[in-house]
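Peer 1: Sharing a structure here in structure tokens format.
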Amino acid sequence: MVSAMRERAILVRDLRMSYGPVEAVRGISFEVDKGEVFGLLGPNGAGKTSTVEILEGYRRRTGGEASVLGFDPAARPRELRQQIGIVTQEGGFYPRATVREGVELAGLPYPSPRDPGETLELVGLADRGEVRVQDLSGGQRRRLDLALALVGDPGLVFLDEPTTGFDPAARRAAWEVVRKLAELGKTVLLTTHYLEEAQALCDRVAIVKDGLVVAEGPPGSLGPGTAGYRVSWRENGSRVEHLTDDPTEFLNRVTGEALADGRTLEELQVSRPSLEDVYLDLTEEAAR
Amino acid sequence: MSLGGLVLGQYRFERKMFWRNPSAAFFTFALPLLFFVLIASVFSTDSDELEVLVPGIAGMSIVGATFTALSYYLVQLRENGILKRVQGSPMPASAYLAGLLASAVANAFVSVLVVVAVGRLGYGMDANLDVLELLVFTTLGVIAFGGLGVAFAFVIPNADSAPAYVNAVFLPLIFISGVFYSADDLPPVLDAIARALPLKHVIDGLSGALVTGTWPAGALLVLGVWCVAGVVAALRLFRWE
Ligand SMILES: Nc1ncnc2c1ncn2[C@@H]1O[C@H](COP(=O)(O)OP(=O)(O)O)[C@@H](O)[C@H]1O
Ligand SMILES: [Mg+2]
């Protein structure tokens, strides 16, 4: 029994946070198991960063419960900080340090840091170790950001919008790193507003909108859900679309009517709505 | 790694970064010496003038190495997110700040040493040398101006405005505190302001150590108050973001 129990890395229940009168997080709940890659997916302003910064210990919640590796993140115990890695996306580099010096400095306060050279290897900066941080390209800085979060060999890594502003090559490289983290058995909490990123990387996703979780589950399960099937065809030059939960009955009826009228249903298609449709539906619904 | 090890690691790193920043090295070490040499040359080098100038420039160096340097540096660290990164890391705040402050303190002591050495060896000033008194007043100046520098960094809104904020304090301060000339016959209002601020008292103390051989008790008292005020202000105003 015990061995079958999954160990929990993060527990968030009815989390709330306000900036003055603005309530950015309005009762978010989710759980992340150890070794899982969990995504908070949602449009800008949904409350993703606020949620992550509460878990990182940067911000204080105004309500609800939060536990990270068994600790209250608001207390910011050093023992917790030694076990998490934070990708800030806000720079925070000494411009005149070399890449290696920066990584070495960041590794000092961890009980068993990863070797700096190995860390640079992991993020693809092995040949940039002697370069000053100020001379790095934008993409290389993002890799350094990752290196600084990983040098302590943390079990849990927070990545807030790890690929926003990346070109496709840089994005693929960042995805590789996240996959590598998953392979190494790390727990990852990432936020993104790119649906395909959540689909590509996450074991489970919570879709966040206006400070609330509007759907949660493995990316695959969010796809069809209750939205059923989409049947569409071309008629008089424009596309006609119907959603149905019983495509057999529906097709039988519309094709029967078309045959009786002597019409053809051009480009007839039956499809499952993509996660993208679900994402748009959910986030639009919540906006209404 | 032990707390001491972390302080040392941060200190070593800060030393390296300091020497890689030409403008920090210039303002901390070269500028006081430049003023020293230029003024000493312009006003010839009679011993009266030197006896004002050496303690004055030494006092100014303390302000430059602590107040000015720390204000600039902490604004940069805050604005580019380094402080926020440290806050989220397991680096204890005390070890981080100790390493950072130790570097500024080292600069202050070295630059006082250089000014005194140039005065004595270069210009032959040999009025007096009370090493203990020199250490005491340098230390008091470092604590007061170090604390005020940390605090002032969090009054400055952003990196762009840092030079204006810092010089609006630094320049008037050195002009009324008797860095370049004896401040004995200032207009009463300026004199009162100078006496309320710490630099004049640091210079009085250094002058006691290097020239007159007396211990100015009033200066000790005022500086003691400023040390407390500086440290309290630093602790109250410090923020990570
Ligand atoms: N420092 C702040 N002060 C006031 N409001 C903020 C602040 N940061 C974020 N917000 C507001 O809180 C909401 C959630 O923001 P955020 O957590 O950054 O969302 P996301 O990361 O999903 O884009 C937004 O409406 C945003 O405008
Ligand atoms: Mg965000």
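The values are calculated or read from the model by the stated rules, or taken from the named source; none is laboratory data. It should be emphasised that the depicted structure is a prediction, and the values quoted were computed from it without experimental measurement. Note that each Cβ is placed from the backbone with ideal geometry, even for glycine, and that neighbours are counted across all protein chains shown. For accessibility, only protein heavy atoms count, side chains too; no ligands or nucleic acids. Shrake-Rupley method; radii C 1.70, N 1.55, O 1.52, S 1.80 Å.
Peer 1: Over the stretch B:97-184, what per residue volume does the convex hull of the Cα atoms give, in whole Å³?
Peer 2: Details: hull volume 11.7 nm³, N = 88.
With only Cα atoms used, the stretch B:97-184 gives 133 Å³ per residue.
Peer 1: Estimate for me the total accessible surface buried between chains B and A (protein heavy atoms, probe 1.4 Å, no ligands or nucleic acids), in Å² to the nearest 100.
Peer 2: What B and A bury together is about 2400 Å².
Peer 1: To continue, here is another question. Debye sum, Cα scatterers, the stretch A:147-219, no solvent: what log₁₀ I/I(0) at q = 0.19, 0.23 1/Å?
Peer 2: Each listed q maps to, in turn, -0.83, -1.15.
Peer 1: If you don't mind, there's one more thing I want to ask. With r as the distance between the Cβ atoms of A:Ser137 and A:Val240 and R0 = 41 Å, compute the FRET efficiency 1/(1 + (r/R0)^6) and round to 0.05.
Peer 2: It comes out at approximately 0.25.
Peer 1: With just the Cα atoms of the stretch B:1-125, tell me how far they stretch along each of the three principal axes, in Å, largest first.
Peer 2: 56, 28, 20
Peer 1: Provide the convex hull volume over Cα atoms per residue for the stretch A:86-152, in Å³.
Peer 2: Dividing the Cα hull volume of the stretch A:86-152 by its residue count gives 70 Å³.
Peer 1: While we're looking at this one, here's another question. So what does the Cα-only Debye profile of chain B read at q = 0.09, 0.13, 0.15 Å⁻¹, as log10 I(q)/I(0), no solvent term?
Peer 2: -0.38, -0.77, -1.01
Peer 1: So if I place +1 on the C-beta of Lys and Arg and -1 on the C-beta of Asp and Glu, and nothing else carries charge, what would the dipole magnitude of the protein assembly as shown be about its Cα centre? I want it in debye, nearest 20.
Peer 2: Numbers: 47 positive and 61 negative charges, 150 e Å.
So the dipole magnitude of the protein assembly as shown works out to roughly 720 debye.
Peer 1: Something else about it: So what is the diffusion coefficient of the stretch A:8-221 in µm² per second by Stokes-Einstein at 10 °C and 1.306 mPa s, using a Kirkwood Rh over Cα pairs?
Peer 2: Numbers: Rh = 17.4 Å.
Calculated translational D: 91 µm²/s.
Peer 1: For A:Thr62 and A:Ala260, FRET efficiency with R0 = 41 Å and r from the beta-carbon atoms, rounded to 0.05?
Peer 2: It comes to 0.05.
Peer 1: Starting from the 7 Å offset along Cα-to-Cβ, what nm value, one decimal, do you get for the label separation of B:Leu34 and A:Leu251?
Peer 2: 8.3 nm
Peer 1: Protein chains only, probe 1.4 Å: how do A:Phe93, B:Phe26 rank by accessible area, largest first?
Peer 2: On the way: A:Phe93 20, B:Phe26 85 Å².
Per-residue accessible area, sorted high to low, gives B:Phe26, A:Phe93.
Peer 1: Next question. Can you tell me what share of the DSSP beta bridges in the protein assembly as shown is antiparallel? A percent to the nearest 5 is fine.
Peer 2: Of all bridge pairs located within the protein assembly as shown, approximately 65 percent are antiparallel.
Peer 1: Based on the Cα gyration tensor of the protein assembly as shown, what are the three equivalent ellipsoid semi-axes, each the root of five times an eigenvalue, rounded to whole Å and given largest first? Could the numbers behind the result be given before it?
Peer 2: Values: eigenvalues 818, 99, 87 Å².
Semi-axes (√(5λ), whole Å): 64, 22, 21.
Peer 1: Now for a separate question. Averaged across B:114-127, how many Cβ atoms of other chains sit within 10 Å of each residue's Cβ atom?
Peer 2: Mean shielding by partner chains, rounded to a whole number: 0.
Peer 1: Can I ask one more? Which three extents, in angstrom, do the Cα atoms of the stretch A:1-108 have along their principal axes, listed largest first?
Peer 2: Largest to smallest, the principal-axis extents are 45, 44, 27 Å.
Peer 1: What is the dipole size for chain A, taken about its Cα centre, with +1 at each Lys and Arg Cβ and -1 at each Asp and Glu Cβ, in debye to the nearest 20?
Peer 2: 880 debye
Peer 1: With a 1.4 Å probe and all protein chains left in place, how much of the accessible area of the protein assembly as shown comes from carbon and sulfur atoms, in whole percent?
Peer 2: Taking all protein chains in place, the protein assembly as shown shows 57 percent carbon and sulfur surface.
Peer 1: Something else: Using a 1.4 Å probe, how large is the accessible area of B:Tyr72, given in Å² and rounded to the nearest 10?
Peer 2: Taking all protein chains as shown, B:Tyr72 has close to 60 Å².
Peer 1: Roughly how many nanometres apart are two label points built 7 Å out from the Cα toward the Cβ at B:Ser182 and A:Arg78?
Peer 2: Modelled inter-label distance: 5.4 nm.
Peer 1: Based on the mean of other Cβ atoms within 10 Å per residue, sort peptides B:140-147, B:97-104 so the most packed one is first.
Peer 2: Details: B:140-147: 26.1, B:97-104: 20.8.
Ranked by mean Cβ neighbours within 10 Å, highest first: B:140-147, B:97-104.
Peer 1: Can you find, among A:Gly228, A:Pro109, A:Gly91, the residue farthest towards the positive end of the dipole of chain A? Put +1 on the C-beta of Lys and Arg, -1 on that of Asp and Glu.
Peer 2: Most positive-ward Cα: A:Pro109.
Peer 1: 222 nm [θ] for the protein assembly as shown, helices only, -39500 (n - 2.57) per DSSP H run of 4+, per residue, to 500?
Peer 2: Numbers: 22 runs with 269 residues, N = 529.
After summing the helix terms and dividing by residue count, I get -16000 deg cm²/dmol.
Peer 1: Now, a different point. Using a 1.4 Å probe on protein heavy atoms, which residues of the stretch B:77-92 have at least 40 Å² less accessible area in the complex than alone?
Peer 2: Buried on complex formation: B:Asn80, B:Ile82, B:Lys84, B:Arg85, B:Gln87, B:Gly88, B:Pro90.
Peer 1: With r as the distance between the Cβ atoms of A:Asp167 and B:Ala159 and R0 = 25 Å, compute the FRET efficiency 1/(1 + (r/R0)^6) and round to 0.05.
Peer 2: Calculated transfer efficiency: 0.30.
Peer 1: For the stretch A:229-272, what Kirkwood radius comes out of the mean inverse Cα-Cα distance, in Å?
Peer 2: By the Kirkwood definition, the hydrodynamic radius is 10.6 Å.
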